[in-house]
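Input: a single structure, listed below in structure tokens.
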Amino acid sequence: ISLRDSEAVLNKCKELAIEGIVTTSSDVAVPTLAFVADKLGLKGVSPEVAELCVHKGKMRNALHQRGCAVPRFEVFESEPNSIDFTPPFVVKASDRSGSRGVSIVHSMREWREAFRVAKEESFSGDVVIEEFFEGRQFSVEMISNAGIHYFCGLTEEFFFKGEGGCEKGHLVPGRLSDELTEKVISTVCRALDALGLHSGPSHSEIRVSDSGECCIIEIGARLGGVFRNRLVQLAYGLD
């Protein structure tokens with residue numbers, strides 16, 4: 001069954017008489033997850049929250065409007081004649097995961113090709129262009145229940161220099177001082193509240209500058225990927 005076929009997944013879940021529903025690794029399944037939870041009266045993200053969490057432009061708008069730090073960004077439905085960004089900046093398909101349609105643009109000669117790739121990958125057709133926030137990247141695994149957020153693990157993510165896309169390595173726990181770890185957790189909790197993500201797992205990506213400034217990159221209403229979950233279990237003892 002396709003993860004995007006909400007009705008077919010719902011029918012299978014009814015057949016199985018499920019008690020709960022979550023997803024891991026991919027944001028593609030999140031709208032279906034929310035649809036099933038809503039139809040079966042289960043705890044989970046609402047369809048409205050799911051839409052915010054899978055569309056990078058809508059997510060950034062919601063976070064920005066509620067005072068959360070995000071990179072400067074613009075959302076485009078079609079290729080503009082010009083853009084007000086200086087390299088390096090990031091071009092992203094609005095609603096894909098696994099770094100599909102994501103490029104870091106290092107020269108203005110590259111941005112139109114990056115836009116074309118992102119446009120082709122985008123389900124909605126929207127493309128997000130955002131500033132590249134310098135700093136180390138971390139992911140934060142959380143579980144939320146009734147609006148209370150519980151910290152599960154901090155992962156430091158590694159990239160080849162000058163590259164975007166998928167990270168090439170993980171270190172759990174990530175290398176941050178206790179003070180900065182608390183600041184990161186607090187920043188993520190504010191972002192979860194801003195999105196209305198009050199129930200279920202979340203996988204947040206955040207960058208921390210050398211001066212300790214925190215900037216939310218993305219938040220997924222899901223568990224991290226399979227290796228992330230194994231690393232969290234090994235490092236923190238949480239399944």
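The values are calculated or read from the model by the stated rules, or taken from the named source; none is laboratory data. Computed from a predicted model, the values in this text were never measured in an experiment. We place every Cβ from the backbone using ideal geometry, glycine too, and count neighbours over all the protein chains shown. Keep in mind that these areas ignore ligands, DNA and RNA; they rest on the heavy atoms of the full protein, side chains included. Shrake-Rupley method; radii C 1.70, N 1.55, O 1.52, S 1.80 Å.
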ask   = Of the lysine pairs in the chain, how many meet both conditions: Cα atoms under 16 Å apart, and a spacing of 8 or more in sequence or different chains?
value = 7
note = Largest fluctuation, Ala69, Ala146, Ala194 only, Gaussian network model of the chain with Cα springs under 10 angstrom, belongs to Ala146
task = Have a look at Ile129, Ile83, Ile185 and tell me which one the Gaussian network model of the chain (Cα, springs below 10 Å) gives the largest fluctuation.
result = Ile83
inquiry  = Taking 8 Å as the Cα distance limit and 6 or more residues as the minimum spacing, I'd like the relative contact order of region 52-121 as a percentage.
reply    = 27
query = What relative contact order, as a whole-number percentage, does the chain give when Cα pairs under 8 Å and 6 or more residues apart are counted?
reply = 21
query = Can you list the HN-Hα couplings for region 125-131, worked out from phi with the Karplus curve (6.51, -1.76, 1.60; θ = phi - 60°), rounded to whole Hz and with x for Gly and Pro?
reply = x, 7, 10, 9, 10, 9, 5
task = Using a 1.4 angstrom probe, figure out how much accessible area the chain has per residue, in square angstrom, rounded to the nearest whole.
result = 51
inquiry  = Given points 7 Å out from each Cα along the Cα-Cβ axis, report the Leu42 to Met108 separation in nanometres with one decimal.
reply    = 5.1
key: Cβ charges +1 (Lys, Arg) and -1 (Asp, Glu), total dipole of the chain, debye   = 260
Summed side-chain charge close to Ser139 - residues other than Ser139 whose Cβ falls under 11 Å, Lys, Arg +1, Asp, Glu -1 = -4
ask   = How high is the FRET efficiency from Glu120 to Ile148, r the C-beta distance, R0 41 Å, rounded to 0.05?
value = 0.50
query = Taking only the alpha-carbon positions of region 31-162 and ignoring solvent, what does the Debye formula give for the base-10 log of I(q)/I(0) at q = 0.12 Å⁻¹?
reply = -0.56
request  = Express the carbon and sulfur contribution to the solvent-accessible surface of the chain as a percent, rounded to the nearest whole number, probe 1.4 angstrom.
outcome  = 51
request  = State the extension gain, in nm to one decimal, for the chain segment bounded by Lys14 and Glu79, taking 0.36 nm per residue of separation less the distance between their alpha-carbons.
outcome  = 19.1 nm
inquiry  = Quick check on region 149-239: take the gyration tensor over C-alpha atoms, sort the square-rooted eigenvalues as a ≥ b ≥ c, and tell me if it's rounded (a/c under 1.5), prolate or oblate.
reply    = rounded
inquiry  = Can you give me the distance in nm between label points at Phe160 and Ser177, each placed 7 Å from the Cα along the Cα-to-Cβ direction?
reply    = 3.4
query = Expressed as a whole number of Å, what is the distance separating the alpha-carbon centroids of region 145-200 and region 204-219?
reply = 8
key: Whole-number percent relative contact order across region 193-239, with pairs defined as alpha carbons under 8 Å at least 6 apart   = 30
ask   = If the chain between Ser211 and Ala235 were fully stretched, how many nm would it gain, using 0.36 nm times the residue separation less the Cα-Cα distance?
value = 5.9 nm
task = Would you calculate, for the chain, the mean residue ellipticity at 222 nm contributed by helices, counting each DSSP H stretch of 4 or more residues as -39,500 (n - 2.57) and dividing by all residues, to the nearest 500?
result = -10000 deg cm²/dmol
